[in-house]
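Note sheet for the following structure.
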């Protein structure tokens with residue numbers, strides 16, 4: 001999944017700063033619906049990752065059946081936290 005493609009798909013914009021608050025909420029809701037319906041583990045993780053970046057991801061125990069997927073998600077969360085701290 002390409003980030004720019006996902007911005008266009010869910011938010012109708014190429015630039016994240018151009019998304020209105022209402023557009024952001026609507027796009028996140030569409031992502032949540034797609035996440036709930038997605039069966040492919042890789043696509044599901046990619047959607048969860050985007051939702052996490054927007055502060056809207058479901059809890060790991062709800063999002064992923066497999067412990068391995070939850071561990072990967074934890075690793076992703078830690079990586080994002082380190083990146084925000086400038087490490």
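The values are calculated or read from the model by the stated rules, or taken from the named source; none is laboratory data. Since this is a predicted model, take the numbers as computed values, not measurements. Glycine also receives a Cβ, built like all others from the backbone with ideal geometry; neighbour counts cover every protein chain displayed.
I'm trying to understand the selection: among the residues of the stretch 51-68, which are over 24 Å from residue 10 (Cα atoms) and part of a helix (DSSP H, G or I)?
Scanning the stretch 51-68 gives 61, 67, 68.
For the stretch 16-50, what are the residues that are surrounded by 13 or more Cβ atoms within 10 Å (Cβ to Cβ) and not in a helix (DSSP H, G or I)?
Of everything in the stretch 16-50, those that are surrounded by 13 or more Cβ atoms within 10 Å (Cβ to Cβ) and not in a helix (DSSP H, G or I) turn out to be 19, 38.
Just to be sure before I move on: is residue 5 assigned to a helix (DSSP H, G or I), loosely packed, with under 12 Cβ neighbours inside 10 Å and over 14 Å from the mean Cα position of the chain (by Cα) in the structure I sent?
no
Give the stretch 50-60 a look and list any residue that's modelled with pLDDT of 95 or more and over 10 Å from residue 28 (Cα atoms), or say none.
If the condition is that a residue be modelled with pLDDT of 95 or more and over 10 Å from residue 28 (Cα atoms), then 52, 58, 59, 60 are the ones that fit.
Given the structure, is residue 53 within 13 Å of the chain's Cα centre (by Cα), exposed (fewer than 14 other Cβ atoms within 10 Å of the Cβ), under 24 Å from residue 84 (Cβ atoms) and touching a residue at least 24 places away in the same chain (Cβ under 8 Å)?
yes
Residues of the stretch 37-49 being over 21 Å from residue 24 (Cα atoms) and touching a helix residue (DSSP H, G or I) at 6+ places or on another chain (Cβ under 6 Å), which ones?
none
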